[in-house]
Structure formats: structure tokens, C-alpha cells
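The values are calculated or read from the model by the stated rules, or taken from the named source; none is laboratory data. None of the values given here were measured: they were computed from a predicted structure. No Cβ is skipped: glycine too gets one built from the backbone with ideal geometry, and neighbour counts run over all protein chains shown.
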Amino acid sequence: MKYFLYLLIGATCTLNADAQQWKLVWSDEFTIPGLPDPKKWSYDIGGNGWGNQEKQVYTRADSKTASVRNGSLFITANKTPEGKYHSARLVTRGLADWRYGRIEIRARLPKGNGTWAGIWMLPTDDAYGDWPTSGEIDILEFAGYQPDSIFTGLHLDAYNQELGNQKRKGHYLPMNSQDFHIYAIEWLENHIHFKIDGNTVYSFKKQKDEMEVWPFDQPFYLIMNLAIGGRSAGEKGIDDNLLPQSLEVDYVRISQPAAH
């Protein structure tokens, strides 16, 4: 990820999203203490590396790895006495998905080498085939060894990690382990705008009506997770002394065009 282009947040206001009225259709404000709402969140579980040589095991509903307290959701990675890394990967798959809309998350990120936080979306039905053909939307990707950097972008058939040409941008955002920021996309029929704290930091526009360059015309579900290690985040090792660490989410709000 260190080779990606960096953009200074304060200088990215020239990419303004089209004027659009939004209507809230789904949200979680994380006001009820305990485990995350099972009507809104399910879990991916297991420890098979997740295609990226990640070290953590994702657990089922477990207050040590996913809990609501003090008005926030905490997705927490920790190291067990047996030396294993445990964490959580929450998904709305099977419970809620969306085709187009404004997806907005207010969050505070973890710190420390080896942490790898993600807020992202995958297609519900893989209408065009397996990854990356049906697309991936990365609202936020953060690796702890780059503490002042946030990444946003897309994977699709024509542009993806395996080809080394994924549509992705890095953004300079210091102090993100101490401060909350608002991460969002505004996704419509012909474009996806990526926003941080209200500023559009990257835009991807539909080039033509072909799935190779625009698979984003189908429902996608939301994923929030905190991984440990892996091909990207583990580049400088894992700082066990800083664990446990959490991805703290204040709210998730999904809106769709008012006329949708």
C-alpha cells in the first residue's frame, strides 16, 4: 500500500458529489449495551488467512471481540493466553443490503503495527461471478504501520489487486487513532464518490455499461472487521504489546436517494 497516491484531505474539495437528497433507510446507533443487534449483524467466522495470510481467528458473537458500550460498537482484536489472535468480522449479509445509496460510518481506528481495519462492501449474489468480477467497494482500509494514512477504492474485473491496477487512493489523515472521522460513499447509477469528513477524496465514474468496468449495479452488503497481520498490514510485524486494540464505530447510517 505504500506505493499508492496520497491526497491531502484539505485539498480534495474540487471533486464535489452531485447534489442529491438522501432518505435514511437503515441505521445502527449502538445505544443498547451488550452484543451487536442480531437483527442487523451476523458474523464471518474462522481463521484460514482470509486470502491475505491474516493471523486472526474471527469468532462468533463474543463480548471480547464485538461489544456495544458507551454508545459505540467495539470490534476488538486480542491475543489469547494460548498465543492466538481473536477478532470479529461483522456483516449485514442475509439481513440487509443495498443497491446505490449513501453509506456513512463514524469511527475511530486502532493503532499499532499489525492492525488492519476495514469497512467495506461485497455483492450479495456475485451476479457476474467470483471475486473480483462482481466487485468490491472499500470505504475504509487502514493498516496500523501507516498511522496517518487511510485508503479507499474498488476492485473489479478490469482493475484489481491481482492485476496490480486496483482503483485505489491513499489519503493523509493524522491522529486517526485518537479522533473520530466520518467515512462515507455516495453511490449512484453512474459514479461512486468516496468521502472523509464531508470532503470528496476520490471518485470513480462508470466508463461504459459493461460488468468488467462497472459491476456496481447490484445489491452489496456491509462488512466491518479488524484483522491482524497479513500480506499488507503485517509488513512491519505485529506489536503484541499494544493489544488489545479496537475499531470503534459510533454509528452506521444508510440512506438512499429520496426518489429511490
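Across region 226-260, which residue is farthest from Gly118 (Cα to Cα) among those that are part of a strand (DSSP E or B) and among the charged types (D, E, K, R)? The selected residue is Arg253. Per the listing Tyr251, Tyr159, the residue uniquely in contact (Cβ under 8 Å) with a residue 60 or more places away in the chain and buried (at least 17 other Cβ atoms within 10 Å of the Cβ) is Tyr251. Going residue by residue through region 166-186, is there one that turns out to be surrounded by fewer than 18 Cβ atoms within 10 Å (Cβ to Cβ) and touching a helix residue (DSSP H, G or I) at 6+ places or on another chain (Cβ under 7 Å)? Checked region 166-186: at least one residue is surrounded by fewer than 18 Cβ atoms within 10 Å (Cβ to Cβ) and touching a helix residue (DSSP H, G or I) at 6+ places or on another chain (Cβ under 7 Å).
Taking the criterion of being over 23 Å from Ala158 (Cβ atoms) and among the charged types (D, E, K, R), the residues of region 100-146 that qualify are Arg102, Glu104, Arg106, Arg108, Lys111. Apart from one condition, Asn113 fits all of (1) under 15 Å from Leu243 (Cα atoms); (2) assigned to a strand (DSSP E or B); the exception is (2).
From the residues in region 40-73 that are part of a strand (DSSP E or B) and of a type in the set (S, T, N, Q), which one is surrounded by the fewest Cβ atoms within 10 Å (Cβ to Cβ)?
Residues of region 40-73 that are part of a strand (DSSP E or B), as a first pass: 42-44, 46, 54, 56-58, 66-69, 72-73.
Keeping just the survivors that are of a type in the set (S, T, N, Q) gives 42, 56, 67, 72.
Values: Ser42: 18, Gln56: 28, Ser67: 20, Ser72: 20.
My answer is Ser42.
Apart from one condition, Gly198 fits all of (1) over 16 Å from the mean Cα position of the chain (by Cα); (2) modelled with pLDDT of 95 or more; (3) surrounded by 18 or more Cβ atoms within 10 Å (Cβ to Cβ); the exception is (3).
Under the condition of being part of a loop (DSSP other than H, G, I, E, B) and under 25 Å from Phe180 (Cα atoms), the residues counted in region 74-95 number 2.
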